[in-house]
Amino acid sequence: MNRLIFNPVTHRVLTNPFVYNLVFTSFVNKRFSTQTRMLSGDDWLFLNYGYEEDPPMAVPLDPADEPNRFFIQQYHRTAAQVDLAGKKVLEVSCGHGGGASYVMRTFKPAAYTGLDLNETAIEFCRKRHQLPGLDFVQGDAENLPFDDGSFDVVLHVEASHLYPHPARFFDGAARVLAPGGHFLYTDFRRRSELDRWDAELAGTGLRLVSQEDISMDVLRGNEKNLDRKQSMIAHHGGLARLASAATDWTFNGALRNGEFVYRLYCFAKD
């Protein structure tokens with residue numbers, strides 16, 4: 001018999017301890033690492049899982065970026081769906097800004113705004129990632145503090161599964177896009193939640209350009225990224241080490257057995 005467990009992210013009750021472990025440890029990793037980042041130097045710039053294709057992507061990287069290859073390749077794969085050169089880009093839930101810095105340097109948008117709810121993370125981003133045209137704003141993904149049609153592209157990498165009401169974010173992303181703009185989006189859901197996910201995205205009125213199941217690419221990236229992650233969490237003990245190990249084990253297993261599906265999307269606003 002399944003026991004009832006409270007989900008600290010969505011404030012709902014879960015009946016599946018396996019799923020609870022994944023949600024809770026993901027929550028701990030993303031929240032706790034923001035607090036510990038200040039204690040561990042500038043190494044923890046990415047909060048997403050890894051990504052690798054078969055054959056390998058072999059994205060050319062600067063030496064300083066190479067240690068974060070598998071994190072970066074997830075951003076590269078998502079951002080490369082459209083030409084960002086000269087565009088005005090918004091990244092929602094930018095975390096520690098590693099992806100924002102990489103996309104700005106690589107794809108050359110005219111302006112790039114990273115938004116995150118965590119004020120500590122935003123303060124760090126402003127100090128760590130100082131590039132012309134790159135700025136960071138504290139704000140709520142479910143209530144985007146921007147005018148209608150403000151951006152050519154909205155980019156989002158792996159955070160909406162933690163939102164209490166992700167449909168509010170999807171609607172907001174559509175609202176702040178200018179006509180002709182694109183929503184570039186990657187994240188995961190339980191297989192049992194796919195119909196709801198599809199309905200929420202369809203409700204935005206955005207046109208689906210492409211959709212791809214990248215679950216095995218994320219699993220492959222996570223496995224290849226294991227040594228890097230272990231090196232990073234070696235700076236921490238206790239909760240950080242425990243949460244990271246539990247998340248990797250649970251999430252990779254859920255991808256492998258098909259309980260979780262990781263997708264990559266491109267939407268357009270006509």
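The values are calculated or read from the model by the stated rules, or taken from the named source; none is laboratory data. Quantities reported herein were computed from a predicted structural model and do not represent experimental measurements. All Cβ positions, even for glycine, are placed from backbone atoms using ideal geometry, and neighbour counts span all protein chains on display. To get the accessible areas, we keep the full protein, side chains included, count just its heavy atoms, and leave off ligands, DNA and RNA. Shrake-Rupley method; radii C 1.70, N 1.55, O 1.52, S 1.80 Å.
Here r is the Cβ-Cβ distance between E123 and S192 and R0 is 41 Å; the resulting FRET efficiency, rounded to 0.05, is 0.60.
Each peptide in 180-187, 81-88 gets a packing score, the mean of other Cβ atoms within 10 Å over its residues, and the list from highest to lowest is 180-187, 81-88. Once C-alpha pairs closer than 8 Å and six or more residues apart are averaged by separation and normalised to the residue number of the stretch 50-158, the relative contact order reads 28 percent. Over the stretch 147-226, the hull volume per residue, using the convex hull of the C-alpha atoms, is 114 Å³. Size descriptors for the stretch 50-146: radius of gyration and Dmax over Cα atoms are 13.5, 41 Å. With Rh defined as the Kirkwood radius, the inverse of the mean 1/r over Cα pairs, the Rg/Rh of the stretch 96-205 is 0.97.
I need the shape label for the stretch 118-173. Rule: rounded when a/c is under 1.5, else prolate if a/b > b/c, else oblate, with a, b, c from the alpha carbon gyration tensor. Here the stretch 118-173 falls in the oblate category.
L201 exposes around 10 Å² of accessible area when a 1.4 Å probe is run over every protein chain in place.
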